[in-house]
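Visitor: Attaching a single structure in structure tokens format; questions to follow.
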There are 2 protein chains.
Amino acid sequence: MDLAAHMKKLAQQARAASRQLAALSGDQKNLCLQAMATALEQSVPELLAENEKDLEFGRSEGLSNAMLDRLQLNESRIQSMARGLREVVALLDPVGRLLEERVRPNGLRLQKVSVPIGVIVIIYESRPNVTADAASLCFKSGNAVILRGGKEAMHSNKLIAELMVGAAQNALPHFPIHAIQVVPTTDREAIRELLCLTDLVDLCMPRGGEGLIRAVVECSKVPVIKHYKGVCHVYVDGEADLDMASSVVLNAKTQRPAVCNAAETLLVDASIANTFLPLVAQLLASKHVELRADPKAFEILGNGQSGTSIPALKLRAASEQDYFTEYNDSILNVRVVDGVEQAIEHIAHYGSSHSESIITRNESAAGTFMQRVDSAAVYWNASTRFTDGGEFGMGAEIGISTDKVGARGPMGLEELTSYKWLGFGNGQIRS
Amino acid sequence: MDLAAHMKKLAQQARAASRQLAALSGDQKNLCLQAMATALEQSVPELLAENEKDLEFGRSEGLSNAMLDRLQLNESRIQSMARGLREVVALLDPVGRLLEERVRPNGLRLQKVSVPIGVIVIIYESRPNVTADAASLCFKSGNAVILRGGKEAMHSNKLIAELMVGAAQNALPHFPIHAIQVVPTTDREAIRELLCLTDLVDLCMPRGGEGLIRAVVECSKVPVIKHYKGVCHVYVDGEADLDMASSVVLNAKTQRPAVCNAAETLLVDASIANTFLPLVAQLLASKHVELRADPKAFEILGNGQSGTSIPALKLRAASEQDYFTEYNDSILNVRVVDGVEQAIEHIAHYGSSHSESIITRNESAAGTFMQRVDSAAVYWNASTRFTDGGEFGMGAEIGISTDKVGARGPMGLEELTSYKWLGFGNGQIRS
């Protein structure tokens with residue numbers, strides 16, 4: 001069978017499975033998830049053996065130690081995967097929720113009810129635990145999933161999916177075995193073939209670097225939900241509580257610099273820049289954060305044209321490109337702006353529509369910022385780091401969207417559903 | 001300027017306008033819509049003159065009389081466009097609705113609030129009134145719109161948009177003039193260029209024949225919401241009230257055969273086929289509906305291998321392809337099935353996920369049908385013709401979606417919005 005035919009078969013199997021999944025009850029799905037968790041826990045030696053094949057391949061490909069670490073499974077990581085599945089059991093079934101109800105003048109009763117999306121393709125990079133996470137969230141929301149992980153993790157991913165499907169089938173004899181499928185080839189063309197099948201695939205969610213995501217958007221003919229990158233901003237207004245502002249900036253940048261909701265740029269109102277910048281710079285320097293400053297901030301922090309009066313501060317001039325950059329690292333752009341309007345303009349131009357925060361006591365400035373900043377999450381006096389399924393109370397998260405069609409912001413189980421309209425009549429016809 | 005640069009400029013202008021539109025109040029938008037309606041009414045001679053250019057072009061291109069009729073404006077059609085705009089005034093502002101609110105254990109208050117989608121491209125065929133309809137709905141929902149109508153209607157479309165923008169600008173001096181733009185070229189490449197601009201265009205809605213829509217999906221890199229076609233089904237169950245069933249079938253097929261929510265296929269349970277088919281066939285024959293029957297239905301209706309005992313009934317054998325076809329005409333497929341399960345299978349295989357109806361007194365059969373049929377709207381004892389923004393109480397409709405990501409079913413103003421999350425804190429940081 002050629003690749004196109006192979007991918008079509010995979011998608012047809014997923015479509016058929018999705019119809020059966022949509023009819024499973026919450027209890028049936030939970031029974032399967034429990035069995036899947038147990039199966040992973042009971043298969044540590046097998047998982048480690050398959051994972052070792054991946055690690056060997058990774059070493060032969062010259063992967064960095066950091067990459068090899070992300071790829072590696074061990075007993076505690078396997079237990080953590082199983083724990084993840086049990087956490088999904090505890091979440092409410094997102095399917096069948098009554099979202100709206102109305103009775104029309106002719107007596108027709110309309111209900112808007114949540115349903116699974118259908119068939120979802122998930123494309124991701126090296127960590128094998130994403131396989132279990134993504135599969136469990138798609139399954140609980142009644143969706144069939146086609147998983148395409150990194151080629152380095154192929155052996156681990158395949159066995160994780162096999163164990164999950166096998167366990168579910170033991171627990172529930174009519175479990176549709178094509179509910180969870182791994183693309184069994186590392187051929188890059190496979191993705192393109194899959195994402196042409198508009199009648200069989202309902203959604204694609206790529207997770208990874210901006211390059212991967214742009215390549216997926218470029219070739220996909222099915223809807224894609226994603227965020228390209230997280231260039232998040234904290235704007236410290238002229239009427240900010242400066243202690244609060246320092247604490248939020250420090251948290252947003254340093255609590256976990258490598259994640260998408262970490263701040264990349266600090267915008268400071270000119271009226272407080274002289275006071276606030278040295279204060280926050282000192283704190284950031286103590287956390288080894290490098291600052292890339294616009295001319296005004298550079299002047300304030302640099303004590304003139306060169307050098308700085310703050311011990312251990314790494315300071316350099318920001319380039320235009322820096323403002324567009326997601327560092328995933330301990331680096332922060334700093335720019336002095338003239339009030340909330342200029343802050344909003346900066347964010348509109350350089351931002352990624354992910355998460356931004358204003359620190360101020362001024363309700364009117366906060367209102368302007370929250371209304372006019374067009375990002376998935378906008379905070380007033382809080383860290384950008386809260387844009388997260390767990391922090392939003394969604395339980396688990398399959399990704400974060402900066403899109404405007406479909407889910408926006410953190411995506412939990414509810415965000416993996418669509419809806420349909422049910423009309424209850426007693427013979428109504430249209431006149 | 002080359003075409004790509006031209007389209008990019010159009011989209012950049014739309015993006016800038018969309019930011020301003022998002023900040024307009026409901027009252028400001030209504031003021032503009034009122035002024036737009038008046039401007040159309042007061043420009044009848046100018047509109048007729050531009051429309052005459054289009055008609056002349058259409059005649060020179062050899063358009064059919066039906067096509068020329070769709071293209072033609074007259075005083076009553078212009079008044080009806082103006083009335084449409086005033087109806088949009090009366091609808092609630094869909095922006096700024098509080099969709100959800102939650103307070104997290106750390107005190108962070110999260111609000112999910114509706115916002116405009118941003119920049120929408122609408123692609124449609126000949127009728128110039130779509131220009132006013134689509135522009136007014138996008139505007140009221142705070143979206144900038146780029147309109148690409150049929151090339152036959154270019155003069156009419158341009159003037160309609162110009163009049164609307166001019167009137168709004170008179171009414172509201174800071175109205176963003178690029179809120180409503182018409183693609184000023186008939187070059188087909190223009191669409192492809194526009195739909196590559198993933199950072200500037202948020203959504204494309206094509207309206208028209210399946211060929212047009214497939215071509216748009218094929219070339220678009222921005223999200224597309226659409227329905228390819230409406231192959232709608234009525235399933236008459238073994239426990240149906242046969243009078244009700246006849247009345248619904250007749251309505252679903254004949255009340256307006258050329259629309260997407262009209263029925264194309266009648267499925268009849270074998271247990272009542274002998275009684276019901278002759279009954280409904282007689283009624284359909286009186287409305288000049290041609291029936292395309294499967295072998296069982298053919299046998300019942302045809303009185304054997306050929307001919308029929310029902311006066312004036314046009315009857316022929318259905319082909320496999322017929323079951324996939326949206327006739328937009330007085331033709332109905334008829335198939336005898338073994339119960340609700342087979343009806344569901346038929347719909348899953350041949351249907352277009354638009355609108356289906358089951359006629360039955362049996363609650364359990366209805367429940368199975370409504371749960372398992374994966375269409376945008378599923379009815380119990382009602383006509384498929386109700387899938388419509390007006391009938392759903394949305395006021396006006398910009399289209400109908402059979403997609404699973406974004407809006408599904410009739411799309412009114414609310415369906416033209418996205419949402420964002422607002423987080424209200426007092427210094428919360430993540431630990």
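The values are calculated or read from the model by the stated rules, or taken from the named source; none is laboratory data. Small disclaimer: the values here were computed from a predicted structure and weren't measured. Cβ coordinates were reconstructed from backbone atoms using ideal geometry, including for glycine residues, and neighbour counts include every protein chain displayed.
Visitor: If you go through the stretch B:57-79 one residue at a time, how many are in contact with a Ser or Thr (Cβ under 7 Å, 6 or more places away or on another chain) and part of a helix (DSSP H, G or I)?
Guide: Summing the residues that are in contact with a Ser or Thr (Cβ under 7 Å, 6 or more places away or on another chain) and part of a helix (DSSP H, G or I) in the stretch B:57-79 gives 3.
Visitor: Could you please tell me which pairs satisfy a Cβ distance under 6 Å, a separation of 6+ or placement on different chains, a first residue in the stretch A:17-44 that is within 14 Å of another protein chain (Cβ to nearest Cβ) and closer than 15 Å to residue A:87 by Cα, and a second residue that is small (Gly, Ala, Ser) and surrounded by 20 or more Cβ atoms within 10 Å (Cβ to Cβ)?
Guide: Pairs that qualify, where the first residue is within 14 Å of another protein chain (Cβ to nearest Cβ) and closer than 15 Å to residue A:87 by Cα and the partner is small (Gly, Ala, Ser) and surrounded by 20 or more Cβ atoms within 10 Å (Cβ to Cβ): there are none.
Visitor: Here's something else I'd like to know. Whether any residue in the stretch A:104-121 is within 30 Å of residue A:428 (Cα to Cα) and without any contact (Cβ under 8 Å) to a residue 24 or more places away in the chain is what I want to check.
Guide: Looking for residues that are within 30 Å of residue A:428 (Cα to Cα) and without any contact (Cβ under 8 Å) to a residue 24 or more places away in the chain, one finds at least one in the stretch A:104-121, hence yes.
Visitor: Follow-up question, since we're still on this one. Residues B:77, B:70, B:59, B:97: which one is in the same structural domain as residue B:158 (by TED's automatic domain parsing), in contact with a strand residue (DSSP E or B) (Cβ under 6 Å, 6 or more places away or on another chain) and over 16 Å from residue B:34 (Cβ atoms)?
Guide: Answer to the selection: B:97.
Visitor: For the stretch A:364-387, what are the residues that are of a type outside the set (Phe, Trp, Tyr) and within 15 Å of residue A:353 (Cα to Cα)?
Guide: Selection gives A:370, A:371, A:372, A:373, A:374, A:375, A:376, A:377, A:378, A:384, A:385, A:387.
Visitor: Tell me the residue from A:415, A:356 that is of a type in the set (Asp, Glu) and crowded, with 24+ Cβ neighbours inside 10 Å, please. Explain how you work it out, then say what you get.
Guide: Values: A:415 fails: crowded, with 24+ Cβ neighbours inside 10 Å.
That would be A:356, the only listed residue that is of a type in the set (Asp, Glu) and crowded, with 24+ Cβ neighbours inside 10 Å.
Visitor: Would you point out the residue of the stretch B:205-230, among those that are basic (Lys, Arg) and either surrounded by fewer than 17 Cβ atoms within 10 Å (Cβ to Cβ) or touching a residue at least 40 places away in the same chain (Cβ under 8 Å) (or both), that is nearest to residue B:272 (Cα to Cα)?
Guide: Just the residues of the stretch B:205-230 that are basic (Lys, Arg), to begin with: B:207, B:214, B:221, B:226, B:229.
Keeping just the survivors that are either surrounded by fewer than 17 Cβ atoms within 10 Å (Cβ to Cβ) or touching a residue at least 40 places away in the same chain (Cβ under 8 Å) (or both) gives B:207, B:214, B:226, B:229.
Working: B:207: 39, B:214: 39, B:226: 37, B:229: 30 Å.
Among residues in the stretch B:205-230 that are basic (Lys, Arg) and either surrounded by fewer than 17 Cβ atoms within 10 Å (Cβ to Cβ) or touching a residue at least 40 places away in the same chain (Cβ under 8 Å) (or both), the one nearest to residue B:272 (Cα to Cα) is B:229.
Visitor: Shifting gears a bit: Among (1) farther than 19 Å from residue A:88 by Cα; (2) buried (at least 21 other Cβ atoms within 10 Å of the Cβ); (3) free of Cβ contacts under 8 Å to residues at least 60 places away in the same chain, where does residue A:369 come up short?
Guide: It is condition (3) that residue A:369 fails.
Visitor: May I ask you to list the residues in the stretch A:11-31 that are over 13 Å from residue A:176 (Cα atoms) and either surrounded by 18 or more Cβ atoms within 10 Å (Cβ to Cβ) or not assigned by TED's automatic domain parsing to the domain that holds residue A:96 (or both)?
Guide: Result: A:11, A:30.
Visitor: Can you name the number of the only condition in (1) touching a residue at least 24 places away in the same chain (Cβ under 8 Å); (2) in a helix (DSSP H, G or I) that residue B:49 fails?
Guide: (1) is the only condition that residue B:49 fails.
Visitor: Continuing with this model, one more query. Just checking, does the stretch B:231-248 include any residue being within 30 Å of residue B:15 (Cβ to Cβ), buried (at least 19 other Cβ atoms within 10 Å of the Cβ) and within 14 Å of another protein chain (Cβ to nearest Cβ)?
Guide: There is no residue in the stretch B:231-248 that is within 30 Å of residue B:15 (Cβ to Cβ), buried (at least 19 other Cβ atoms within 10 Å of the Cβ) and within 14 Å of another protein chain (Cβ to nearest Cβ).
Visitor: So, in the stretch B:378-404, of the ones that are of a type outside the set (D, E, K, R) and without any contact (Cβ under 8 Å) to a residue 12 or more places away in the chain, which residue ends up nearest to the other protein chains (Cβ to nearest Cβ)?
Guide: That would be B:393.
Visitor: Taking residue B:263, is it within 14 Å of chain A (Cβ to nearest Cβ), closer than 15 Å to residue B:351 by Cα and in contact with a Ser or Thr (Cβ under 7 Å, 6 or more places away or on another chain)?
Guide: So residue B:263 fits the description; yes.
Visitor: Have a look at A:202, A:237, A:187 and point out the one that is in the same structural domain as residue A:122 (by TED's automatic domain parsing), modelled with pLDDT of 95 or more and more than 18 Å from the chain's Cα centre (by Cα).
Guide: One residue alone meets the criteria, A:202.
Visitor: Okay, moving on. Name, by its number, the condition in (1) surrounded by 16 or more Cβ atoms within 10 Å (Cβ to Cβ); (2) more than 22 Å from the chain's Cα centre (by Cα); (3) of a type in the set (D, E, K, R); (4) not in a helix (DSSP H, G or I) that does not hold for residue A:54.
Guide: (4)
Visitor: Conditions first: (1) among the hydrophobic types (A, V, I, L, M, F, W, C); (2) surrounded by 20 or more Cβ atoms within 10 Å (Cβ to Cβ); (3) more than 14 Å from chain A (Cβ to nearest Cβ). Residue B:108 passes all but one, so which condition is the exception?
Guide: Status for residue B:108: all satisfied but (3).
Visitor: Where the second residue is hydroxyl-bearing (Ser, Thr, Tyr) and the first is within 12 Å of another protein chain (Cβ to nearest Cβ) and lies in the stretch B:332-351, which pairs have Cβ atoms under 7 Å and are six or more apart or on separate chains?
Guide: B:351/B:375
Visitor: Also, I was wondering about something else. Return the residue satisfying two criteria in turn: it lies in the stretch B:121-152 and is more than 15 Å from the chain's Cα centre (by Cα) and β-branched (Val, Ile, Thr), and of such residues it is surrounded by the most Cβ atoms within 10 Å (Cβ to Cβ).
Guide: B:145
Visitor: State all residues of the stretch B:273-291 that are surrounded by 21 or more Cβ atoms within 10 Å (Cβ to Cβ) and either more than 15 Å from residue B:336 (Cα to Cα) or not aliphatic (A, V, I, L, M) (or both); if no residue qualifies, say none.
Guide: Result: B:276, B:284, B:289.
Visitor: When you look at residue A:418, is it more than 7 Å from chain B (Cβ to nearest Cβ) and within 30 Å of residue B:252 (Cα to Cα), yes or no?
Guide: Working: more than 7 Å from chain B (Cβ to nearest Cβ): no; within 30 Å of residue B:252 (Cα to Cα): yes.
No: the conditions fail for residue A:418.
Visitor: Residues that are within 23 Å of residue A:127 (Cα to Cα): find the strands (runs of 3 or more DSSP E) completely inside the stretch A:179-240 holding 3 or more of those.
Guide: A:180-182, A:203-206
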